[in-house]
1. So how strong a dipole does region 122-224 carry about its Cα centre when Lys and Arg Cβ are +1 and Asp and Glu Cβ are -1, to the nearest 20 debye?
2. So if a site counts as exposed when it's one of the GluC sites (Glu not before Pro), its DSSP state isn't H, G, I, E or B, and it has at most 14 other Cβ atoms within 10 Å, what's the longest stretch of the chain without one?
3. Taking every pair of alpha-carbon atoms in the chain, give the share separated by more than 30 Å as a whole percent.
4. Counting only protein heavy atoms, what percent of the accessible surface of the chain is carbon or sulfur at a 1.4 Å probe?
5. Starting with the highest mean, order 112-121, 207-216 by the number of other Cβ atoms within 10 Å, averaged over the residues of each peptide.
6. Expressed as an acute angle from 0 to 90° and rounded to the nearest 10, what is the orientation of the C-alpha long axis of helix 207-219 relative to the principal long axis of the chain?
7. Give me the 1.4 Å probe accessible area per residue for the chain, excluding ligands and nucleic acids, in Å².
8. Of LEU195, ALA248, ALA138, which is farthest towards the positive pole of region 114-271's charge dipole, taken about the Cα centre with +1 and -1 on the beta-carbons of Lys, Arg and Asp, Glu respectively?
Amino acid sequence: MSVDDNVSSAAPVTYEARDGVGWITLNRPQVLNALSTELAAALADCAATAAADASAAQVVVRGAGRAFCSGMDRTAISAGSIGDAFYRHWNRALDCLEDMPKITVAVLHGYSIGGGLQLALACDLRLAAADAVLGLGATRHGLVPDGAVLRLARVVGVGRAKELALLNDHVSPAEARAIGLVNWVCAPADLDRTLASVIEKARGAAPTATAHTKRLLRESFHRDPRALLEDVLQAQGECVASWEMDEANRAWREKREARFDPPSTGPSRDG
């Protein structure tokens with residue numbers, strides 16, 4: 001994977017937008033991107049920046065170095081420095097990734113365990129390298145997997161969620177793909193190519209329709225679908241009135257694929 005071991009900033013998380021994509025990179029490679037309060041706060045801020053960045057239509061979350069994220073920093077836990085502030089920043093970050101009106105993709109390689117897997121579950125899509133190590137482990141360390149416990153069962157079902165969260169077994173990427181925990185698995189050398197293919201597919205989805213579809217899928221877990229009819233109709237009306245509908249119709253007449261690229265701007269960086 002072409003994630004530089006020495007990302008050019010000392011910040012625990014960096015953000016960069018280029019070619020219409022926002023790139024959020026966990027940047028503590030020396031400790032396999034283990035989670036700390038500082039990292040959680042920076043992650044939340046970068047996620048908010050990505051959500052508001054008009055130049056980025058999709059957002060990728062990845063880890064610098066040899067791993068995506070090895071979970072909670074055990075040194076910080078044993079020193080008692082993980083507390084309320086961490087969990088508030090952490091859940092602000094995950095909620096922002098889940099709620100933003102853009103497709104978010106987590107790229108898992110190496111250790112992608114504990115909080116790393118929780119972070120991936122907050123993203124819409126998950127791409128895993130065949131060498132990724134996946135699992136939770138929080139209850140083994142006396143903690144609730146707070147970022148996953150309210151999301152995991154929606155992804156893999158209650159039975160599998162209990163197995164993963166209570167027994168803390170690692171699952172292979174192939175098994176994770178089979179149970180729907182990840183969407184794609186590829187050889188480590190193919191990560192960039194596969195990610196580029198995913199992004200290209202995402203660019204074929206209209207931004208307004210994408211935002212409403214994400215929101216309505218989330219709402220479907222909380223409300224009777226019949227009670228959402230007026231909301232769906234309003235969303236559909238906004239889609240029909242959007243510039244994306246004009247582009248889709250024009251592409252159909254011209255017998256080509258529609259393009260919903262964001263406005264062309266130069267690279268932006270934060271963090």
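1. Working: 14 positive and 11 negative charges, 71 e Å.
Rounded to the nearest 20 debye, it is 340 debye.
2. On the way: sites that count: GLU254, GLU257.
Longest site-free region, per DSSP loop and neighbour criteria: 1-253.
3. Details: 10611 of 36585 pairs.
Above the 30 Å cut-off, the chain has 29 percent of its Cα pairs.
4. Values: 7160 of 13040 Å².
For the chain, the apolar C and S fraction of the accessible surface comes to 55 percent.
5. Details: 112-121: 28.4, 207-216: 17.6.
Ranking the peptides 112-121, 207-216 by packing returns 112-121, 207-216.
6. The helix 207-219 is inclined about 50 degrees to the chain.
7. Details: 13040 Å² over 271 residues.
Counting only protein heavy atoms, the per-residue value for the chain is 48 Å².
8. Value computed over the given set: ALA138.
The values are calculated or read from the model by the stated rules, or taken from the named source; none is laboratory data. Predicted, not measured: the structure shown is a model, and the values here were computed from it. Note that each Cβ is placed from the backbone with ideal geometry, even for glycine, and that neighbours are counted across all protein chains shown. In case anyone asks, the SASA skips ligands and DNA or RNA and just uses the protein heavy atoms, side chains included. Shrake-Rupley method; radii C 1.70, N 1.55, O 1.52, S 1.80 Å.
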